[in-house]
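Chemist: Have a look at the structure that comes next, please.
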Amino acid sequence: MAKEAMRLNPIPPGFYYQNLTHLYCLTGQYEEAIKAGEEATRVAPNNFTVRAFLTVAYSLYNRQEEARIEAAEVLRINPKFLVDSWTKTMPFKNKAELDLTIGALRKAGLK
């Protein structure tokens, strides 16, 4: 569905790429997640959610240096960012998906 939305909109907003980043992470397609996340940061460089999902992608792909850099960007944009607070706002309720996301953010150094 995300790819279809992007196909229909020739200039997709950052959250389209953000959602694609997250979907790729959840399906283990980390290289694709990183590509989508990097594009999301190009389109919306000051969106902490975009940066958080790219942090997840890097972390899950064991690119910890890049994950920590993105985590620092999350905190630059939103100094009060807390993993637990942010993940409570996520629309998905699948515990495995939530645990994967939380674990990746914590591995990157976010609290």
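Every number here is computed from the coordinates shown, using simple stated rules; none is lab data. Computed from a prediction, not measured in an experiment: that's the story for all the values here. Virtual Cβ from ideal backbone geometry, glycine too; neighbours counted across all protein chains shown.
Chemist: Mind running the shape call on region 13-107? Use the C-alpha gyration tensor, a ≥ b ≥ c as the square roots of the eigenvalues: rounded below 1.5 for a/c, prolate if a/b tops b/c, oblate otherwise.
Modeler: Verdict is rounded for region 13-107.
Chemist: Next up: Given the chain, what count of lysine pairs have C-alpha atoms under 24 Å apart, with each pair 8 or more places apart or on different chains?
Modeler: Lysine pairs meeting the criterion: 13.
Chemist: Here's another thing I want to ask about it. Tell me the mean residue ellipticity at 222 nm calculated for the chain from its helices only (DSSP H runs of n ≥ 4, each -39500 (n - 2.57), averaged over every residue, nearest 500).
Modeler: After summing the helix terms and dividing by the residues of the chain, the value is -22000 deg cm²/dmol.
Chemist: Next question. Taking region 35-99, which trypsin sites (Lys or Arg not before Pro) meet the DSSP loop condition and have no more than 16 other C-beta atoms within 10 Å? Intermediate values should be presented prior to the final figure.
Modeler: Values: sites: K35, R42, R51, R63, R68, R76, K80, K88, K93, K95; in loops: R63, K80, K93.
Passing sites in region 35-99 are R63, K80, K93.
Chemist: Separate question: Given an 8 Å cut-off on Cα distances and at least 6 residues of separation, report the relative contact order of the chain as a percent.
Modeler: Answer for the chain is 22 percent.
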